[in-house]
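For reference, the structure I am asking about is given below.
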Amino acid sequence: MPHDAITAPLLRSSKLDTFYNIGLRGLSVAGQLLHIPSSTFQLTRDGNAGFIVDSSTTVTRLQTEAYNTLRDAFVKGTKELPLANGVALFDTCYDFSKKKSVEVPTVSFHFSNGQKLDLPAKNYLIPVDSSGTFCFAFALTSSALSMIGNVQQQGTRVSYDLGNSLIGFYPNKYCGIRSPYFSQRARSRAATLPLRHKCPSIQKWRLMWNRNLAIFRLRSQKLHQFIH
């Protein structure tokens, strides 16, 4: 694992041993740790609940209390930005049709080993149409199990050190651009979201979104059925 990787503990579940659970302590917005009970993300002794890494789930799914706290803190920090109607499972959306870039609060994961992963803005504000509508890319789950989805993992490499029970996140280079996960800007209280990017991955994401949105609920339903 690279020396500059941000790591988190890997935890084993006696009930769901097919998933990678990680030790998550909490979430922060604009550098402020949110008031979410740490037990929300803890794996119980009987193997229930927890927080998993799931590349087949599109966006990060959180329990109601955690999601509402995160969303409300983000909305508070973006009150100057123009709102748009919700889209599908997203209840917090913005109209950026007349903007070239916006500054938004940084969202971060805080792991139980004390390390912190700051997300670049493009990993939690995503385009959902061709008209400039962007939505906050987190959603509710009806399960006790929370998960980090593939949108939040984009732009980084994920490495598993099973011998030492660690998962590592480290920068990936694509289109000649170093991942903002590890940039000084991403570690500040605010992150800049460029709305017109020349990298073809952004255009590819726009084309893929409508197709993926249709199968998102189906995958979530299958995972929920598997858990229960």
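Collect the residues in region 129-163 that are part of a loop (DSSP other than H, G, I, E, B) and either without any contact (Cβ under 8 Å) to a residue 24 or more places away in the chain or surrounded by fewer than 19 Cβ atoms within 10 Å (Cβ to Cβ) (or both), keeping them in residue-number order.
Within region 129-163, D129, S130, S131, G132, S142, S143, A144, Q154, L162, G163 meet the criteria.
Could you list, in sequence order, all residues of region 96-127 that are under 18 Å from P37 (Cα atoms), in contact with a Gly (Cβ under 9 Å, 6 or more places away or on another chain) and not in a strand (DSSP E or B)?
Scanning region 96-127 gives S112, N113.
Please give the number of the condition T106 fails out of (1) of a type outside the set (D, E); (2) at pLDDT below 90; (3) in contact with a Ser or Thr (Cβ under 8 Å, 6 or more places away or on another chain); (4) more than 20 Å from F19 (Cα to Cα).
(2) is the only condition that T106 fails.
Taking the stated definitions as given, is T69 of a type in the set (S, T, Y) and in a helix (DSSP H, G or I)?
In short, yes.
Here's a check for you: in region 84-95, which residue that is part of a loop (DSSP other than H, G, I, E, B) and more than 22 Å from A30 (Cβ to Cβ) is nearest to the chain's Cα centre (by Cα)?
Here the answer is L89.
Name the single residue, out of those in region 36-65 being out of contact with any strand residue (DSSP E or B) (no Cβ under 7 Å at 6 or more places or on another chain) and under 21 Å from D91 (Cα atoms), that is surrounded by the fewest Cβ atoms within 10 Å (Cβ to Cβ).
E65
The values are calculated or read from the model by the stated rules, or taken from the named source; none is laboratory data. Just so you know, these numbers come straight off a predicted model, no measurement behind them. Glycine gets a Cβ as well: all are built from the backbone with ideal geometry, and neighbour counts include every protein chain shown.
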